[in-house]
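Below is one structure, written out as structure tokens; the observations come after it.
The values are calculated or read from the model by the stated rules, or taken from the named source; none is laboratory data. In this text, all values refer to a predicted model and were calculated from it rather than measured experimentally. Cβ sites come from the backbone with ideal geometry, for glycine too, and all protein chains shown count toward neighbours. These accessible areas exclude ligands, DNA and RNA; they are computed on the full protein's heavy atoms, side chains included. Shrake-Rupley method; radii C 1.70, N 1.55, O 1.52, S 1.80 Å.
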Amino acid sequence: MKLLEDRIRQEGIVLPHNVLKVDSFLNHQVDPELMFAVGKEFAKRFADKPITKILTVESSGIAPAVMTGLAMHVPVIFARKHKSLTLTDNLYTADVYSYTKQTTNKISIAKRFVSPNDSVLIIDDFLANGQAVEGLLSIAEDADISVQGIGIVIEKTFQKGRKIITAHDIQLEALAQISSLENGQVHFLN
Ligand code: 5GP
């Protein structure tokens, strides 16, 4: 998606350990026009799928997920993050290791917001090593929900996320694919 790639080129800052900072339009300040374009693009790419809900994880997945929900006219559920959880009776939970924060969080969604009739589209801001998406897939499996697709705003193709996710045989779409962040430079695939 050219609009997104242009913004990454103009405003992306490469941090140590292969982390791309895009906090001027996605991770801190949010550009609603760009996010709406992102949402409409996901809606187009998954138009043939019977999606009833969008599933994401707080906090950076929420902006693109809400805009996708708006474009597809379906509700958005975001999994919440906790350091630990004691009462999990009414929740579906999964453990997720965070690549950028180097900590493990439990993520959870309330059982009452999903039913086995749901078909969800998972949306997230970044795909790095696939841990966040794996956590959402595990929640979906526990909840007996079918996952119709996975939409990622920015994929770092040099990390192992796609390989892990592809094993699930679910349509995976990334709007910007970064093949390298070496020497502080952003290189896109193709
Ligand atoms: P994964 O679970 O695929 O290893 O990492 C995905 C999660 O880590 C995303 O939800 C995102 O919040 C964060 N993340 C991974 N890599 C980056 C990055 O290069 N930049 C930013 N801003 N977040 C990242």
Give the long-range amide H neighbours of Ile77: residues separated by 5 or more places, or on another chain, with amide H under 5 Å away, using H modelled in the peptide plane at 1.01 Å from N.
-> Ile54, Leu55, Thr56
Each residue of the stretch 174-190 in turn: what ³J(HN,Hα) in whole Hz from Karplus with 6.51, -1.76, 1.60 and θ = phi - 60°, glycine and Pro shown as x?
-> 10, 7, 9, 10, 9, 8, 6, 10, 5, 6, x, 10, 8, 10, 8, 5, 6
Just flag the trypsin sites (Lys or Arg not before Pro) in the stretch 77-159 sitting in loop per DSSP whose Cβ has no more than 15 other Cβ atoms within 10 Å.
-> Lys83, Lys101
So, counting K/R as plus one and D/E as minus one, what does the shell of residues with Cβ under 10 Å around Ile13 add up to?
-> -1
Whichever aspartates and glutamates have a C-alpha closer than 17 Å to that of Lys106, once near sequence neighbours (fewer than 8 apart) are set aside | Glu58, Asp89, Asp95, Asp124, Glu134, Glu141, Asp142
Ranked packing of 173-180, 58-65, most packed first, by mean Cβ within 10 Å | 58-65, 173-180
Note down the magnitude of the dipole of the chain about its Cα centre, charges +1 on Lys and Arg C-beta and -1 on Asp and Glu C-beta and zero elsewhere, to the nearest 20 debye.
-> 160
Scalar couplings 3J(HN,Hα) for the stretch 28-42 by Karplus 6.51 cos²θ - 1.76 cosθ + 1.60 (θ = phi - 60°), nearest whole Hz, x for Gly and Pro, are 8, 7, 10, 8, x, 5, 5, 5, 5, 4, 4, x, 5, 5, 4
Could you list, in their original order, any pairs among Lys2/Lys101; Lys21/Lys163; Lys53/Lys111; Lys44/Lys81 whose Cα atoms are separated by more than 21 Å?
-> Lys2/Lys101; Lys21/Lys163; Lys44/Lys81
Could you do me a favour and compute the accessible area per residue for the chain, 1.4 Å probe, result in Å²?
-> 51
For Leu127, other-chain or 5+-apart residues with amide H closer than 5 Å (H placed, Pro excluded) are Ile154, Glu155, Lys156
For 29-36, 139-146, ranked highest to lowest by mean beta-carbon neighbours within 10 Å, the order is 139-146, 29-36
The size of the Cβ-based charge dipole (Lys, Arg +1; Asp, Glu -1) of the stretch 77-190 about the Cα centre, to the nearest 20 debye, is 400
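Given Cα pairs under 8 Å that are at least 6 residues apart, what percent is the relative contact order of the stretch 1-115?
18
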If you plug each phi of the stretch 51-65 into the Karplus form 6.51 cos²θ - 1.76 cosθ + 1.60 with θ = phi - 60°, what whole-Hz ³J(HN,Hα) values come out, in order, with x for Gly and Pro?
-> 8, 9, 8, 9, 10, 9, 10, 5, 9, 6, x, 5, 4, x, 5
